[in-house]
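The values are calculated or read from the model by the stated rules, or taken from the named source; none is laboratory data. Everything quoted here is computed from the prediction, not taken from an experiment. Using ideal geometry, Cβ is built from the backbone for each residue, glycine included, and neighbour counts are taken over all protein chains shown.
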Amino acid sequence: MGSLPELLRLVVEERRELTRDVVLLALAAPDGSALPGYDAGAHVTVTAPSGRRPSYSLAEAGSTAPRRYVIAVRRSEVALGGRGGSVSLHDDVRVGHQLEVTPPRNAFALLPARRYVLIAGGIGITPVRAMAQELRARGDAAVEVLYLTRDAASTPFLEEMTADGAVVHHSAGSTGSSGGAGRGRLDLWPWLAEPDDDARVYCCGPTALLDEVRALTVHWRPSRVHVEEFAGVDATGIGAEPFTAVWEPTGERVEVPADRSLLAALRGAGLPVDGDCEAGTCGTCRLRLVAGEAHHRDVVLDEGERAGAVMPCVSRAVSEELVVAPPVR
């Protein structure tokens with residue numbers, strides 16, 4: 001438990017500008033062979049030429065033996081909060097270049113239902129697009145897609161999603177595809193007012209959208225509402241409590257205050273822990289969980305792995321102590 005995934009070396013076979021700030025990259029095996037399979041909602045972690053390792057949702061329906069992985073990379077400038085990975089993938093990657101990519105992982109998987117409400121905000125369309133494709137190919141459930149963006153110019157896959165019947169709403173645009181005024185926020189209540197035990201809500205987007213969906217679905221069963229924040233999560237937000245980390249190889253005890261992540265505390269103590277995204281999305285900082293109960297807040301580990309691993313960049317302790325160790329390599 002806790003071993004790192006083997007990296008794939010893939011070639012960029014397609015590079016296409018979707019908008020001014022979003023580029024599509026299609027990654028394939030150099031010999032054209034099939035890649036490890038995945039289901040909609042899965043993501044991969046890509047090593048950018050800069051060395052950064054951002055994670056991206058796969059934007060096409062899942063397959064047991066896909067020929068390529070498609071991601072859509074939104075440029076996020078370092079000065080505006082980005083970490084440099086997306087800028088490098090925009091500026092330094094062209095068709096024919098090779099990139100190291102992890103096999104797909106899925107912490108946002110589709111669960112059975114008769115009806116799905118899929119809500120995407122901005123670049124959160126990538127897993128939602130894959131989900132819509134997969135569900136429509138199955139043909140055994142009703143699917144409604146709500147796609148919220150600022151304006152038409154900044155909307156990846158605009159023509160495709162409109163043609164597929166999605167409700168596309170531009171908060172700063174002149175009109176929405178539903179025919180009403182496109183300015184301001186879309187009222188989601190008509191889609192979420194009536195809780196339905198035969199339905200599931202999936203939402204991917206910025207924090208404000210996820211918070212709104214959570215607020216509008218408090219009367220739903222929690223198990224029917226699924227959210228994923230594409231920007232990752234904050235390890236020191238509301239509800240963070242102090243705890244003690246124990247570094248299993250030496251027994252060293254490290255105090256982790258409420259306003260500091262476990263990763264930062266371990267590094268501050270001089271312990272050798274890797275890290276990159278610091279948002280629970282790339283998996284670089286993965287440690288073995290030897291003892292204690294963790295509050296897992298990442299989007300990398302699946303339920304089976306969480307008993308023996310933890311992502312210290314965002315996850316914290318439920319117990320007073322958390323005993324951790326380096327991953328098996």
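Taking the listed residues SER88, SER55, the one that is over 16 Å from the mean Cα position of the chain (by Cα) and either of a type outside the set (A, V, I, L, M, F, W, C) or surrounded by fewer than 16 Cβ atoms within 10 Å (Cβ to Cβ) (or both) is SER88, with no other qualifying. If you go through the range 134-148 and keep only what is touching a strand residue (DSSP E or B) at 6+ places or on another chain (Cβ under 7 Å) and either modelled with pLDDT under 95 or part of a helix (DSSP H, G or I) (or both), you end up with LEU135, ARG136. For the range 242-265, indicate whether the set of residues that are outside the structural domain of LEU148 (by TED's automatic domain parsing) and within 21 Å of THR45 (Cα to Cα) is non-empty. Among the residues of the range 242-265, at least one is outside the structural domain of LEU148 (by TED's automatic domain parsing) and within 21 Å of THR45 (Cα to Cα), which makes the answer yes. Scanning the range 279-301 for residues that are within 13 Å of the chain's Cα centre (by Cα) and either over 25 Å from ARG253 (Cα atoms) or surrounded by fewer than 24 Cβ atoms within 10 Å (Cβ to Cβ) (or both) yields ALA279, THR281, CYS282, ARG297, VAL299, VAL300, LEU301. When the range 19-30 is filtered for residues that are over 19 Å from the mean Cα position of the chain (by Cα) and closer than 19 Å to THR64 by Cβ, the ones remaining, listed by number, are ALA28, ALA29. Checking each residue in the range 302-329 for being assigned to a loop (DSSP other than H, G, I, E, B), of a type in the set (Lys, Arg) and either in contact with a strand residue (DSSP E or B) (Cβ under 9 Å, 6 or more places away or on another chain) or surrounded by 17 or more Cβ atoms within 10 Å (Cβ to Cβ) (or both) picks out only ARG306.
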